[in-house]
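The values are calculated or read from the model by the stated rules, or taken from the named source; none is laboratory data. Source: prediction; values computed, not measured. Note: ideal-geometry Cβ built from the backbone for every residue, glycine included; neighbour counts use all protein chains shown. Ligands, DNA and RNA are excluded from the accessible area calculation, which covers all protein heavy atoms including side chains. Shrake-Rupley method; radii C 1.70, N 1.55, O 1.52, S 1.80 Å.
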Amino acid sequence: MELSGSQMVIEALRKENVSVVFGYPGGAIMNVYDEVYKQNHFKHILTRHEQAAIHAADGYARATGEVGVAFVTSGPGFTNAVTGLATAYMDSIPLVVISGQVPISMIGTDAFQEIDAVGISRPCVKHNYLVKDAKDLSRILKEAFYIARSGRPGPVHVDIPKDVTAQMAHFSYPSEIKMQTYKPTYKGNPRQIKKAIEAIAAAKRPVLYIGGGAINSNAANEVREFARICGIPAVETLMARGVMGDENPLLLGMLGMHGCYCANMAMSEADLMIAFGPRFDDRVTGKLSEFAKHAKIIHVDIDPSSIGKIVPIDYPIVGDLKNVVEAMIPLAKEQIQADKYKPWRELLKRYNEIHPLRYEDSNDVIKPQWAIERVGELLGDKAVICTDVGQHQMWAAQFYPFSYPRQWLSSGGLGTMGYGLPAAMGAKVALPNKTVINFTGDGSILMNIQELMTAVENKIAVINIILNNQFLGMVRQWQTFFYNKRYSSTDLSVQPDFVKLVESFGGRGFRVKTKAEFDQALNDAMQSGCVCMIDVQVDRFENVLPMVPAGGTLYNMMLEYKE
Amino acid sequence: MDAIRRVLSVIVLNEDGVLSRISGLFAGRGYNIDSLTVAPIPKTNLSRLTIVTSGSTAVLEQIVKQLHKLIPTYKVIESGEFVEKELALVKIPLSEDFNGLDAMLKAYNGTIASSSEESIVLMVADDYNRIDSFLKAVKKYNPTDIVRSGSVAMDL
Ligand SMILES: Cc1ncc(C[n+]2csc(CCOP(=O)(O)OP(=O)(O)O)c2C)c(N)n1
Ligand SMILES: [Mg+2]
């Protein structure tokens, strides 16, 4: 079949069962947009900024596990997309992002809207392509989708010069893929698995350290089953919230900088750590020389370079987590006595009783933690929760009762303010029957505020809850703790009227100062069927606690802040 | 921790941009490149890079894993025995006193690769540390230019 490069893009997306593309047009990608206009296989959603297109595709991917797709034009369209690519890359999210490029003959001439896009994206994507001939396009697009979703997932960037989008060539979309060089390992080595099980059987104080890999691998059921059979307590990273389910008695909570006391103590006192797809981020480990220093470590990861990158590993297992845990379960049933760890579980339970996750509620002002707990009580598993970045993000991770994987979408690795609203849109487009909440801050929400227009136009009814502390709160907190309260450039008391702002776009706004108003606003927002913004005036100086100061040790958390 | 010198032979798909992926990986992650040579492998779609790098054991392990992780990487040969050779060209003005040069060239299996009205160019191919000592010895002839190729290696 002879097709133009642009038609090939459409055909490839059809073959990949893509149902929605987020994007923003411009000169270099107009040929593709012309074909978008003529087709009805997928819906194209025009965001109002390229960064948001990538985040929306990312939110779609996180909510579903499928590859998110976005289109952007060359030059500034592409550079605007870079933060989105980096965000997805850091959190291993599968995307295919297609950018226009100036015609091949003009590459290298500093042409209008020319930028070395593959040069820029190289360090923040799993792989990228500059397409030089339309006859390569079907293979490249097939590979792009395959690379994005296989192995350790990640974004793939395909840069297509304008003349290639017009070029006619033979198109036949490969039904199978065979790459000479790229072959991810899915099955764990049985000998390593056997050794790991023996190590667990020999341990007295094992702990499961669960990371985002458990979500990417869709391994939550297996991980829960494994934990149950073994009776091993578990901690989750920020990326893994929802894997165990908060009602699970074996879940201690989130660990790390703002993790709970018992989770961090479990890591510090464990004699064996069973790491299921985490990456030992510095926000999790604190000071490395003190991190889990009594523990032998089993690390299961599909990315060999992740194993041993930060800490030496005693039992490395390269493979897909779901596969590996499936293989571990029958061995665990034979060899591991859940009773054996009872004293250890009791000890950790006591730790949790001594220093539970807590906050001081108030009758005068809404505490941000209360707002999150309240949404949890009212919506629980009915809502998918997105966040921006800052204090509100940490409180959401701490206080929302997550019960299943992919219920929690947050930028962990890059910590991208402005992620929340577009990602929530992507999730809502993917799951129209779910309530999608974006917990955001008065700082973050302004970083992609233009997306209210996209949400209104496309009737994407996400509910933004601004925990408005009139501060870049997380930075303000560090200034309070570590910079003698010199609040350099963090005071946001000059703000827009958020209610009028959202209403000017055609959404609904609510200003909330009391608990009663909060419930009412949430209820009205749920009924409204359109994009909403609930501006919740919260205690300005609330701090996220407990806290492991950067470079501190997990067992030495700051439990409260005293002036 | 002391930096260990390591020779890596990396086989990659011979496609656009592959060298920038590799050099970008080293630059971006702060790894050393002491030398790097590339050439296509005859009758294949592959190229071979010989990279001489250095770092702690942990860093070297990461370098190998990160190289493997690049999509176009076919193989990373890191251990075992290598024949490793490097080539050096040295330009010496004709005005110099060449006393003893012949003997030195002989000792290093060197040749005179070219000569002009002003200078001669010496060529030596040998182990990198022998090249080092040759370049030290040749200093007394006041070379005006020195070019080293970087190591090429073949696993045995
Ligand atoms: C794009 C970007 N710029 C800067 C930062 C640094 N940063 C981290 S949290 C934060 C404050 C966020 O303020 P807000 O959205 O109001 O949330 P709060 O902490 O007040 O809940 C800042 C500036 C970031 N993470 N992302
Ligand atoms: Mg704020």
Close pairs from the stretch A:114-127: first farther than 13 Å from A:Leu85 by Cβ, partner open to solvent by less than 40 Å² (accessible area, probe 1.4 Å) and among the aromatic types (Phe, Trp, Tyr), Cβ under 8 Å, at least 6 apart: A:Ile115/A:Phe78
Residues of the stretch A:127-137 being under 17 Å from A:Gln180 (Cα atoms) and either facing chain B (nearest Cβ under 9 Å) or surrounded by 19 or more Cβ atoms within 10 Å (Cβ to Cβ) (or both), in sequence order, are A:His127, A:Asn128, A:Tyr129
Let me confirm something: among B:Glu61, B:Glu118, B:Glu96, which residue is in contact (Cβ under 8 Å) with a residue 12 or more places away in the chain and open to solvent by 70 Å² or more (accessible area, probe 1.4 Å)? B:Glu118
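Only helices (runs of 4 or more DSSP H) wholly contained in the stretch A:298-388 count here; list those with 3 or more residues that are in contact with a Cys (Cβ under 9 Å, 6 or more places away or on another chain) and either open to solvent by 30 Å² or more (accessible area, probe 1.4 Å) or among the small types (Gly, Ala, Ser) (or both).
A:342-354
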Can you tell me which residues in the stretch B:1-13 are within 14 Å of chain A (Cβ to nearest Cβ), within 18 Å of B:Ile77 (Cβ to Cβ) and either surrounded by fewer than 18 Cβ atoms within 10 Å (Cβ to Cβ) or modelled with pLDDT under 95 (or both)? none
Leading residue by the ranking (nearest to B:Asp34 (Cα to Cα)) among those in the stretch B:121-156 that are loosely packed, with under 13 Cβ neighbours inside 10 Å and of a type in the set (A, V, I, L, M): B:Val147
Complete set of residues in the stretch A:344-378 that are without any contact (Cβ under 8 Å) to a residue 60 or more places away in the chain and farther than 26 Å from A:Met257 by Cα: A:Asn363, A:Asp364
Within the stretch A:505-517, can one find any residue that is open to solvent by less than 10 Å² (accessible area, probe 1.4 Å) and within 16 Å of ligand 2 (Cβ to nearest atom)? yes
For A:Arg149, the lone unmet condition from (1) within 25 Å of the chain's Cα centre (by Cα); (2) open to solvent by 20 Å² or more (accessible area, probe 1.4 Å); (3) within 11 Å of another protein chain (Cβ to nearest Cβ) is (3)
Selection count where residues are open to solvent by less than 20 Å² (accessible area, probe 1.4 Å) and within 15 Å of ligand 2 (Cβ to nearest atom), scope the stretch A:407-418: 1
Within the bounds of the stretch A:160-168, is there any residue that is outside the structural domain of A:Val118 (by TED's automatic domain parsing) and small (Gly, Ala, Ser)? no
Sole exception among (1) more than 16 Å from ligand 2 (Cβ to nearest atom); (2) open to solvent by 40 Å² or more (accessible area, probe 1.4 Å) for A:Glu451, by number: (2)
Residue in the stretch A:131-138 that is more than 24 Å from the chain's Cα centre (by Cα), touching a residue at least 60 places away in the same chain (Cβ under 8 Å), assigned by TED's automatic domain parsing to the domain that holds A:Glu16 and closer than 17 Å to A:Glu16 by Cα present: yes
Any chance A:Val436 is surrounded by fewer than 23 Cβ atoms within 10 Å (Cβ to Cβ), more than 13 Å from ligand 2 (Cβ to nearest atom), farther than 17 Å from A:Gly212 by Cβ and not assigned by TED's automatic domain parsing to the domain that holds A:Glu66: no
Does A:Met474 meet the test of being open to solvent by 10 Å² or more (accessible area, probe 1.4 Å), near ligand 1 (Cβ under 8 Å from one of its atoms) and either closer than 23 Å to A:Gly84 by Cα or assigned by TED's automatic domain parsing to the domain that holds A:Ala396 (or both)? yes
Scanning the stretch A:155-182 for residues that are aliphatic (A, V, I, L, M) and within 12 Å of chain B (Cβ to nearest Cβ), the one least open to solvent (accessible area, probe 1.4 Å) turns out to be A:Val156
What pairs come up if the first residue lies in the stretch B:24-47 and is facing another protein chain (nearest Cβ under 9 Å), the second is crowded, with 16+ Cβ neighbours inside 10 Å and in a loop (DSSP other than H, G, I, E, B), and their beta carbons are under 7 Å apart, counting only those six or more places apart or on different chains? B:Leu25/B:Leu70; B:Asn45/B:Asn14; B:Leu46/B:Asn14
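Take the stretch A:454-470 and flag every residue that is within 12 Å of ligand 1 (Cβ to nearest atom) and buried (at least 23 other Cβ atoms within 10 Å of the Cβ).
Answer for the stretch A:454-470, where residues must be within 12 Å of ligand 1 (Cβ to nearest atom) and buried (at least 23 other Cβ atoms within 10 Å of the Cβ): A:Asn464, A:Ile465, A:Ile466, A:Leu467, A:Asn468, A:Asn469.
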